[in-house]
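The values are calculated or read from the model by the stated rules, or taken from the named source; none is laboratory data. Because the structure is predicted, anything quoted here is derived from the model rather than measured. All Cβ positions, even for glycine, are placed from backbone atoms using ideal geometry, and neighbour counts span all protein chains on display. When the accessible area is computed, the model is the full protein with side chains, heavy atoms only, and any ligands, DNA or RNA have been set aside. Shrake-Rupley method; radii C 1.70, N 1.55, O 1.52, S 1.80 Å.
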Amino acid sequence: MRIKQRPVFSTATALSSGLLLLVALAGCGSGGSVAPTLSGELKGLAPGGVLILTVNGQSQQFSTSEYAKQPDLTFSRPFGVGESYTIDVVKHPVGQICAVLRGRAGRLDAAVSNVLVECHTTRLNDTGLYGSTPAQISALAPDSGSGRDAESQRLTKVGAGAFGFDYTKVCTSGAPVDQAGGCPTGETWDCVRDNVTELMWRRSDVPFTSGSTTPAASESLCGRRNWRAPTVHELLSVVHAGKDVKPFVDTDFFTATQPDTPFYTSEIYLDGSSGRWAVDFANGGAAGKQVAGDSRARWVSGSSALNDPPPSAYSRTEVNANYLIIDTSRELMWLVPKTLVQGDWSGAVAGVSSINAGALGGYSDWRLPNRGELDALANRNYAKPALDPKVKEAIADPTAASVVYWSSSAWTRDTARAWVVDLAYGDISPKLKTDSARLIYVRNRAFNAAP
């Protein structure tokens, strides 16, 4: 009978083989290298705010107690050599929008330390031009690609509202309406607080004729006094231009808006006629001189960065035969071509890529302003042009500034048209996209110091 013999190994041979196996295993998956790290710099995060970023599906929170002490932007999850990564914003802090401006995606063949995340305070409401389907979003581009509306699923809202709007219903005493939609006994829902602009609005509008008066300064409602007529900037801030039916306002909050009557503002149209500025909620939020007839009024209380800042809020720098204008009040940065460029709307949209290819001013995220941002540039305390003197001086021929400028915002009633601002006086209206208008560019200004 034959017996199969098992091989016999010496103890030394076994130990040697085991050591070789351990060495081989130690080298697997790491190339024998130290695991790479992913880090960078975070700028502008507001004190008390919480930013949540995700890297390859794993989230991490960042917060700070001071503007001057920004948190360390180092991602704690372990990475393997050669691993690809993508950084996304999961939640923006209250009142801010943050963006990964550098190093958002890549491959970790070695340590990556150049990631840049910047946050800016959102001083302006967005336009409402976003859409609920991919087809609608595409039709409303490029406006739909930036701002609070585009980030609406990742915003930390105080209240609620369509897309990027953030409103809170307020009762007679100033208490917010409860989750069941109720107010304390004896009170009613009377006001709407805009959590972006910090303005308080009356829920209902009222008729306003030539003999009407504004509320008395002592009148108290919803915990506020000093109710007054809004400025053009303020009234335009509640326009929901993305709707396809009138009135062009969020009717879940402003439930009693009369759509077919222009709305009264506190400002005079500076053409010498003593006419008054009005905003038309029946026409997508067009703004211009009220020429005849009565109007409606929606009273407002409070102050905000919407309105024209003092000249000290602007700074100007010359860059590559252009000017950079920084608006520290609205946290916007403008690129003003010295030689004003003009063209049709499609060419204006397509031309942004060449502006960014040159990284003018050191930035490559310039875009056409939306209708709200372009309105912010207009200063209706001046005429021909309706611009702050420091902005006007940035244009080689100031008289050439008194013309129509393209926005990135399409007109929902007819997408063959887009919104323009005529900076002779500041009128806002839709214009055929095949027509010609001037160009100016904007970006959000990030900051890393207390405002």
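Here is how the numbers come out for the structure above:
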item	result
Matching helices (runs of 4 or more DSSP H) fully within the stretch 350-404 where at least 2 residues are buried (at least 17 other Cβ atoms within 10 Å of the Cβ) and among the acidic types (D, E)	371-377
Flag if D280 is open to solvent by less than 50 Å² (accessible area, probe 1.4 Å), of a type in the set (D, E) and free of Cβ contacts under 8 Å to residues at least 40 places away in the same chain	yes
Of the criteria (1) under 16 Å from E118 (Cα atoms); (2) in contact (Cβ under 8 Å) with a residue 40 or more places away in the chain, which one P47 fails	(2)
Inter-residue pairs, beta-carbon under 9 Å, first farther than 18 Å from D126 by Cα and in the stretch 216-241, second open to solvent by less than 10 Å² (accessible area, probe 1.4 Å) and in a helix (DSSP H, G or I), 6+ apart	A229/L235
Condition met for T434 (out of contact with any strand residue (DSSP E or B) (no Cβ under 8 Å at 6 or more places or on another chain), more than 16 Å from P369 (Cβ to Cβ), modelled with pLDDT of 95 or more and not basic (K, R))	yes
Residues satisfying the stated conditions in the stretch 123-141, i.e. surrounded by fewer than 24 Cβ atoms within 10 Å (Cβ to Cβ) and touching a helix residue (DSSP H, G or I) at 6+ places or on another chain (Cβ under 6 Å)	Y130, G131, I137
Residue match in the stretch 83-100 (condition: farther than 20 Å from L51 by Cβ and of a type outside the set (D, E, K, R))	yes
Meets criteria (closer than 21 Å to T339 by Cα and either open to solvent by 40 Å² or more (accessible area, probe 1.4 Å) or in contact with a Pro (Cβ under 7 Å, 6 or more places away or on another chain) (or both)) for K431	no
Positions within the stretch 311-338 being touching a residue at least 24 places away in the same chain (Cβ under 8 Å), part of a loop (DSSP other than H, G, I, E, B) and over 27 Å from A410 (Cβ atoms), in sequence order	N320, T328, S329, K338
Residue list for the stretch 184-212, filter: of a type in the set (D, E) and touching a residue at least 40 places away in the same chain (Cβ under 8 Å)	D194, E198, D205
Subset of the stretch 86-105 that is within 21 Å of G362 (Cβ to Cβ) and among the small types (G, A, S) - its residue that is least open to solvent (accessible area, probe 1.4 Å)	G103
Pick from the stretch 161-177, criterion open to solvent by 50 Å² or more (accessible area, probe 1.4 Å) and under 28 Å from the mean Cα position of the chain (by Cα), ranking: farthest from E373 (Cα to Cα)	P176
Qualifying positions in the stretch 64-105 - in a strand (DSSP E or B) and closer than 16 Å to E41 by Cβ	L73, T74, I87, V89, C98, A99, V100, L101, R102
Residue that is farthest from K246 (Cα to Cα), among those in the stretch 289-303 that are assigned to a strand (DSSP E or B) and hydrophobic (A, V, I, L, M, F, W, C)	V300
Residue in the stretch 393-402 that is within 28 Å of N283 (Cβ to Cβ) and touching a strand residue (DSSP E or B) at 6+ places or on another chain (Cβ under 7 Å) present	yes
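Yes or no, residue by residue, for (1) assigned to a loop (DSSP other than H, G, I, E, B); (2) open to solvent by 30 Å² or more (accessible area, probe 1.4 Å):
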| site | (1), (2) |
| --- | --- |
| Q258 | yes, yes |
| T261 | yes, yes |
| D271 | yes, yes |
| S274 | yes, yes |
| A287 | no, no |
| A305 | yes, no |
| P309 | yes, no |
